[in-house]
Amino acid sequence: MEKLIPFINDLHDILSQAGLSSELNLPSIVVIGSQSVGKSSLLESIVGREFLPRGKGIVTRRPIEIQLHQVLDAEQGWFEFMDKKGEKIFESEDIRKLIEAETDKVAGKNKGISPVPIKVKYFSKDILDLQLIDLPGITKNPVGDQPQDIEQKVLDIVIPFIKNQNSLILAVSKASDDLATSDGLKLARSVDPNGLRTIGVITQLDLMDDGTDALNDLLNQTYPLQLGYVGVIMRGQKDIQKNKTITEQLKDEKSFFENHRLYKKYSEKMGINFLVKTLNMNFIQHIKKALPIIRETIISLVQIKEYDLKQYGDYDNLETKENKNLLVLTLISKFSNSYKDMLEGRCLDITSKELIGGSRIIYVFNETFRRTVQKMNPFDVLSDDEIRTAIKNANGIRPTLFVPEGAFELLVRQQISRLRMPSIECSHIVFEELRRVVNQISIPEIERFDTLANRISEVFENLLNKCLRQTEEIISSLIEIELGYINTSHPDFVSGMDMVHKDEQRQQQQVQQQKEKSPLQSENESNKFFNFWPFKNNKQTELYDSKLDNLNKKRKTNINSQKQQKLQQLEESQILQQQSVINKIVSVNQQYFMNDPKRQLPQVPNTIKITERPSKREQTEMDMIKDLLVSYFNLVKKNICDSVPKTVITFLVNQSRNFCERELIGVLYKQELVDELLQENQFIQKSRQETKQSLISLRTCLNLLNDLDSKF
Ligand code: GDP
Ligand code: MG
């Protein structure tokens, strides 16, 4: 059983070296109380050596952890300080100076305090194994460099130590104090309300005024604790000045209790020696209770550290060039596979609460691109007046007999061009999405090599840019293709013929409505309509139909169309000749006419605009063009909504996915690059070493635990 304390001391050592003490909350005995109640004196008495800085005011300014190791064959006791393992310090004076220097180093010279513990070990045959912690005393009035909130600062240091459920609290109070107001007891109660792990210590019983005593306190009657109180008497300032030794003091303490009129009855349970035995016994019980939790914590820490180590990769074993080459190749292929997996929805993070990788790209197509294109309407950017002007301009000097085809083609091309920007933009958004995918790939084995990680990003960036350029070109070609041939014979397109029928129906509806309103007026209106519309009866409509058919045939038959073209060109050149003759006459006579007061015709304005209200014929033509425009634009939109995503997937997404590995290998897998690429991040190197060390320490602790189990 007594092996338990050395075992815990070993654990403390092993784990503090690996920086893991705080994660395990190992059992220890913590001494708390107000300033100058005798905490340091108590520790010295337990140890049996005067090694702690003592005096007036705040002397203990950093936590001091003291491990006591019983060495039965040791002739003389010795200390070991902090990391100077194995270096024996025999003189108390020397260890005190080291503690003072170490305190000044971290907490400053002028009464400052610090939570960083100082660690001391003491080896002797005259002690019982214990792990004790001396702490700064609770004080309310700041002195020296102490901040105004010194009390809070001290509490901030003390509370984490006593909060640890595995710590035993030694709450020290002076005999002359009222226990109800003792700082140590109050603080202990705040973390151990039922007093299960608090032992009360009452000091300075020798200094009580005549006629007063602390018997009720000592008998656990004033402020009851499960583990009770122990009264002690230590050396006063005068004793120290007179060089009274601790051994002498222990003898005097014994005789004080044995001879005291009230305390002698209980003298067996008084004094430092009794306290040490009580502490030892309670500490062992305490450790026994804590062991199962300690074991569980160590096992889970081992698992965490093993996982961490795997993430850092075992780079230390990569000595040969071949191994390094192989590693570069493996990492490249890991990265490429992650990229592919992210795009194809095979990434591990299926718990993600948002869309990732490939699913975001589909969102871009459906929700961003397709929606925007589908919403596009020719008349967002095209007014009726613009359509009328276009019709007039396309007709030139000859009003058409048929659907104004020139104007239709001009206007529909304008609309198709509007699709270029959103289509190109769609490829850019997907490009950004792919970059995002690359940035999201997190492979710890690669992240430890800064250069490799950066170069992989670079190669991806170049590859994506290359793919984007190609995609842009193909998208532009798609638009060019649509612009290059306006396929009015497309089965989904509402043909000119349909338009004429539709228009006839529209006209008839209007005539009918007019007739209903005023039969006479509507008759005139309809006559007016037939006046400008070339077909006055069914026969003429049939004629128009046949002309339209011819028009369609004309488009289909190359030879015919060439003949027609030649005829048309001849006609146009004749008109141009006539026009130039007229122009000459006009220019000769212009001066004369301009100033002639007798001129009868009004002057032609510089800018000629269409009339404010469209004529019936214009309206009809316009309605027809509008219907045709919508129909054809819808057709092209449908094509583009289908072909742009296909292009982006094929030339940007698939190309980058199919070629990334080849590209990475081509650029990065080179003999001369391998050392540079595998230059490891220093932080990762350090972390790996620390993790390895932690694992060794934790496994040693587990072995110690198993040994312990086999002994009991
Ligand atoms: P700490 O601030 O709680 O660590 O208190 P110290 O251990 O430094 O003690 C403060 C002063 O009280 C010192 O001068 C000690 O010698 C003195 N002292 C401590 N305990 C006793 C005691 O039981 N009797 C007497 N007479 N003096 C004591
Ligand atoms: Mg002290």
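Things to note:
- The aspartates and glutamates within cross-link reach of residue 288, meaning a Cα-to-Cα straight distance under 20 Å and a gap of 8 or more places when in the same chain, are 2, 10, 13, 23, 129, 192, 296, 707, 709.
- If R0 is 41 Å, the Cβ-Cβ spacing of residue 10 and residue 334 corresponds to a FRET efficiency of close to 0.50.
- Applying 0.36 nm per residue to the separation of residue 642 and residue 450 and subtracting their alpha-carbon distance, the gain on full extension is 65.0 nm.
- Sparsely packed loop sites in the stretch 4-98 (the chymotrypsin sites (Phe, Trp or Tyr not before Pro) outside DSSP H, G, I, E and B with at most 11 other Cβ atoms within 10 Å) comprise 90.
- Once the Cβ-Cβ distance of residue 155 and residue 385 is raised to the sixth power relative to R0 = 60 Å, the FRET efficiency obtained is 0.10.
- Loop-located trypsin sites (Lys or Arg not before Pro) in the stretch 1-73 whose Cβ has at most 16 other Cβ within 10 Å (DSSP): 3, 56
- Derived scalar couplings between HN and Hα for the stretch 453-463 equal 4, 5, 5, 4, 4, 4, 4, 4, 4, 5, 4 Hz in order, rounded to whole Hz, by the Karplus curve 6.51 cos²θ - 1.76 cosθ + 1.60 (θ = phi - 60°), x for Gly and Pro.
- Each residue, residue 251 and residue 105, gets one label point 7 Å from its Cα in the Cβ direction; the gap between the two is 3.9 nm.
- Under the simplified labelling scheme, the residue 685-residue 243 pair shows an inter-label distance of 5.6 nm, with each label point 7 Å from Cα along Cα→Cβ.
- Placing R0 at 30 angstrom, the Cβ-Cβ distance between residue 703 and residue 440 gives a FRET efficiency of 0.10 after rounding to 0.05.
- Full extension of the chain between residue 216 and residue 509 gives 93.9 nm of extra length, using 0.36 nm per residue less the Cα-Cα distance.
- Net lengthening on full extension, residue 84/residue 425 (0.36 nm per residue, minus Cα-Cα): 116.0 nm
- Peptides 662-672, 284-294, 329-339 ranked from most to least packed give 329-339, 284-294, 662-672, packing being the mean of other C-beta atoms within 10 angstrom over each peptide's residues.
- The stretch 7-81: GluC sites (Glu not before Pro) in DSSP coil with no more than 12 other Cβ atoms inside 10 Å: 75
- Take every pair of alpha-carbon atoms less than 8 Å apart whose residues are at least six positions apart; their mean separation over the length of the stretch 111-244 yields a relative contact order of 18 percent.
- Alpha-carbon centroid distance for the pair the stretch 449-467 / the stretch 652-683, whole angstrom: 7 Å
- Accessible-area composition of the stretch 209-336, carbon plus sulfur, in percent [1.4 Å probe]: 51 percent
- With the simple model of a label 7 Å out from the Cα in the direction of the Cβ, residue 368 to residue 265 spans 8.9 nm.
The values are calculated or read from the model by the stated rules, or taken from the named source; none is laboratory data. The structure presented is a predicted model; accordingly, all values stated were derived computationally and were not measured. FYI the Cβ positions are ideal-geometry reconstructions off the backbone, even for glycines, and counts take in every protein chain you see. To get the accessible areas, we keep the full protein, side chains included, count just its heavy atoms, and leave off ligands, DNA and RNA. Shrake-Rupley method; radii C 1.70, N 1.55, O 1.52, S 1.80 Å.
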